[in-house]
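Novice: Got a structure for you, questions after.
The values are calculated or read from the model by the stated rules, or taken from the named source; none is laboratory data. Just so you know, these numbers come straight off a predicted model, no measurement behind them. Heads up, the Cβs are rebuilt from the backbone with ideal geometry, glycines too, and the neighbour counts pull from every protein chain shown.
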Amino acid sequence: MLNLNRVLAERIHSINAPTEQSQEAYAEWTPTYEQDLKGEGYCSPEVTVKYVCDVIPDESRASTRVLDIGAGTGLVAKLLRERGFMCMDALDPNDTMLREARKHNLYDNYFLEYITSKPTSIQEGTYDVLTGSGIYATDGHVPLGAIIEMIRLVKKGGFIVLVTRFILLAADGPYEQLEPLMKQLEEEGRWRAIHRDVFPRYYRNYEGIAWVFQKV
């Protein structure tokens, strides 16, 4: 375990580097990515799926359209399929990780793109649910304004489920202003908060935070 901790520390250090370097680190990590995270007790995909299942009943899951932001190798999609979700698309800037997801036929469409405040190539109001599991990182690769594009992509009444490390919201952290922006968008009538939950053991000793919003 000590060796695994050391290797993961090196991986995470690279991922928190500038964007281009971080994507190279993800590509290099792909062969052992899922195994390494499982060994460390990383629970973001499981928590994300739990909240999706909380808002989508069993009978609606097969027809619910889901966009998995930062899809990677498909950790969230694998769990969603086990729970009856069949219509899923992936968006991720890392082609190596998306190729791994393709091996398992997890998604219908694969969008090799970054999520920012600017519109992606996807049509407005396409999805019933959008997930973002662990997409926020220390160096702020997903910009604050990306949630504006997330709102654009879901249908009216659709849900956005986001899960990450709570420490990233700390004062002087990369996402110090994320919740104020979330609140502002709620006050503007763009979405409404359904859940905001802080929980233990997100990853190692880090606390996690989960949000669920509904587009209005």
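Novice: Does the stretch 117-134 contain any residue that is at positive phi, without any contact (Cβ under 8 Å) to a residue 40 or more places away in the chain and out of contact with any His (no Cβ under 7 Å at 6 or more places or on another chain)? Steps first, please.
Specialist: Going residue by residue through the stretch 117-134, those that are at positive phi are 125, 134.
Filter once more, so that each one left must be without any contact (Cβ under 8 Å) to a residue 40 or more places away in the chain: 125.
So of that shortlist, the ones also out of contact with any His (no Cβ under 7 Å at 6 or more places or on another chain) come out as 125.
Scanning the stretch 117-134 turns up at least one residue that is at positive phi, without any contact (Cβ under 8 Å) to a residue 40 or more places away in the chain and out of contact with any His (no Cβ under 7 Å at 6 or more places or on another chain).
Novice: A further question follows. Quick check on my filter: what residues within the stretch 46-105 are touching a Cys at 6+ places or on another chain (Cβ under 7 Å) and hydroxyl-bearing (S, T, Y)? Before you say what the answer is, go through the steps one by one.
Specialist: Of the stretch 46-105, the ones touching a Cys at 6+ places or on another chain (Cβ under 7 Å) are 63-66, 83.
Result: S63, T64.
Novice: State the number of residues belonging to the stretch 112-162 that are part of a helix (DSSP H, G or I) and either aliphatic (A, V, I, L, M) or in contact with a strand residue (DSSP E or B) (Cβ under 7 Å, 6 or more places away or on another chain) (or both).
Specialist: Our first condition is that a residue be part of a helix (DSSP H, G or I); within the stretch 112-162, this holds for 146-153.
If we keep only those that are either aliphatic (A, V, I, L, M) or in contact with a strand residue (DSSP E or B) (Cβ under 7 Å, 6 or more places away or on another chain) (or both) too, we end up with 146-148, 150-151, 153.
Adding up the residues that qualify gives 6.
Novice: Still on this structure, I have one more. Which one of these is more than 19 Å from C53 (Cα to Cα) and crowded, with 17+ Cβ neighbours inside 10 Å: N105, N94, N109?
Specialist: Selected residue: N94, the only one of N105, N94, N109 that is more than 19 Å from C53 (Cα to Cα) and crowded, with 17+ Cβ neighbours inside 10 Å.
Novice: Among the residues of the stretch 80-132 satisfying the criterion of being modelled with pLDDT of 95 or more and among the small types (G, A, S), which is nearest to Y203 (Cα to Cα)?
Specialist: Among residues in the stretch 80-132 that are modelled with pLDDT of 95 or more and among the small types (G, A, S), the one nearest to Y203 (Cα to Cα) is G132.
Conditions (1) free of Cβ contacts under 8 Å to residues at least 24 places away in the same chain; (2) over 22 Å from P119 (Cβ atoms); (3) surrounded by 13 or more Cβ atoms within 10 Å (Cβ to Cβ), marked per residue:
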| site | (1), (2), (3) |
| --- | --- |
| V142 | no, no, yes |
| L153 | no, no, yes |
| F159 | no, no, yes |
| L169 | no, yes, yes |
| R190 | no, no, yes |
| V198 | no, yes, no |
